[in-house]
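Since every read-out is calculated from the coordinates, none of them should be taken as a lab result. None of the values given here were measured: they were computed from a predicted structure. In this analysis, Cβ positions are derived from the backbone assuming ideal geometry, glycine residues included, and neighbour counts consider all displayed protein chains.
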Amino acid sequence: MNTITKSIQSDEDRYQLPTYAKFPISIERGQGCYVYDQEGEKYLDFYAGHAVTSTGHCHPRVVEAIQEQASRLIFYSNVAYNGVRARAVRKLVEMAGQPYYQAFLVNSGSEANENAIKLARAISERREIISTVGSFHGRSYGALSSTGIPKYANYLNTPVPRHRILPMGEVAAAVSTETAAVLIEPIQSMAGVREIPPSHLSQIHQACKKHGALLIFDEVQTGVARTGSFLYAGRENVYPDMVTLAKGIASGFPAGALLVTGALAKGVEKGDLGTTFGGGPLACAAMEATLEVIEAENVAENAARLGAYLKKALCSFQGIEQVQGRGLLLGLKLAGEIKAKDLQRALLDRRILTGTSVDPQVLRLMPPLTLTQHEADVFVEAVKTL
Ligand SMILES: Cc1ncc(COP(=O)(O)O)c(C=O)c1O
């Protein structure tokens, strides 16, 4: 680490609360699937700032849209109509497709989940929210009360009442006429990229329909093309009543959304939900450009194809027991004593960024969705020659 990086590190460590274990580098620039540190050293980014930079770093179309919008209007709230908001929200709802009819634009994944929970309780006039062991839904109070990972959830010493966190296999049987909603993360990323078995999803969906409970998918990670289709919703013919999105939705500009069906939208009135910054013009410019790139560059197909390629190539390696996940949300389940943090360190030494998870044996891969075949090959070769 050179002296400039050391001074950056010492200022961040001195003045920022010590809430994150950080990579020992300072990332100052990004282009496509690469980021560059203070010294100009190049890193292949299989982390994407935590599954965020969907269109790659600084995609020219996204940069241009943000720059153009910044010079026109940085902010005005939802109290007035605005052209870029109109275009972005229309594109979002159209790309989500049926049965999603309207969106509430927010700033983050936690805020999207918080509003989904609130809306479910208000519309159903019930209180109980069921979520699953292993899920992560965010750090705000309702979202964290639904989070099934003790490492995070235990920080709340008093969760919001009437939140129940159950093993996936027990959820369907637990749904009753008391249940306002079931909140599911279809691929539990933080827990180690664990996909919910399709049979459980169908059973939960049926149980929700039977008892009049709402089904919410937290697609903060799986959404916006990461798992090979614009939404995970729709697989196994399961269309949840609400879908929450954030992370990749605006290529890294803070933004999120709550998608609801037409039936639910009818239950929302003026003043029910609100946010100052959600749906701001700059966020919407970034979102519109991101969605256009996703469509124009067939990003979902790319994620599906390269995800399948990586899965096939990596699962044959000694030391990798299994490759979990879909599209470009993958978890390398390591065999025996190999720890994900050691593999992450070894890859960092080769200038490749990856993520760990709550499971010490799972290394997470969540690169930009614009990853190229060559970049996928560079990654495979690096793992092969470790
Ligand atoms: C599945 C999921 N839901 C919700 C969140 C919370 O999103 P945010 O950090 O934008 O509040 C995250 C963040 O990692 C997430 O992975």
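Some notes on this structure:
- In this simple spin-label approximation, residue 101 and residue 337 carry label points 7 Å from Cα along the Cα→Cβ vector, and these lie 6.0 nm apart.
- Using just its DSSP H runs of length 4 or more, each adding -39500 (n - 2.57), the chain gives a mean residue ellipticity at 222 nm of -11500 deg cm²/dmol after division by all residues.
- Neighbour-count ranking [beta-carbon atoms within 10 angstrom, fewest first] of 57, 137, 205: 205, 57, 137
- Cβ-based exposure ranking for 47, 141, 20, in which fewest neighbours within 10 Å come first: 20, 141, 47
- Check: the chain dipole with +1 on Lys, Arg Cβ and -1 on Asp, Glu Cβ, in debye: 520 debye
- Three-way shape call for segment 110-178 based on the alpha-carbon gyration tensor, with the a/c threshold at 1.5: oblate
- Put in order of Cβ neighbour count within 10 Å, fewest first, the listed residues 266, 311 become 266, 311.
- Gyration tensor (alpha-carbon) shape descriptor, segment 213-365, a/c threshold 1.5: prolate
- Under Stokes-Einstein, with the Kirkwood radius over Cα pairs as Rh, the value for the chain at 4 °C and 1.567 mPa s is 60 µm²/s.
- Theoretical FRET efficiency, 1/(1+(r/R0)^6), r = Cβ-Cβ of residue 156 and residue 14, R0 25 Å, to 0.05: 0.35
- Fully extending the segment from residue 315 to residue 72, taken as 0.36 nm per residue of separation minus the present Cα-Cα distance, adds 82.5 nm.
- Over 26 Å (Cα to Cα) - which of 6/42; 22/91; 151/270; 118/266 fall in this group: 22/91; 151/270
- Distance from segment 152-185 to segment 236-263 (C-alpha centre basis), Å: 20 Å
- Each label point was placed 7 Å from the Cα along the Cα-to-Cβ direction; for residue 236 and residue 7 their separation is 5.5 nm.
- Extension reserve of the residue 275-residue 31 stretch, reckoned as 0.36 nm per residue once the Cα distance is removed: 84.7 nm
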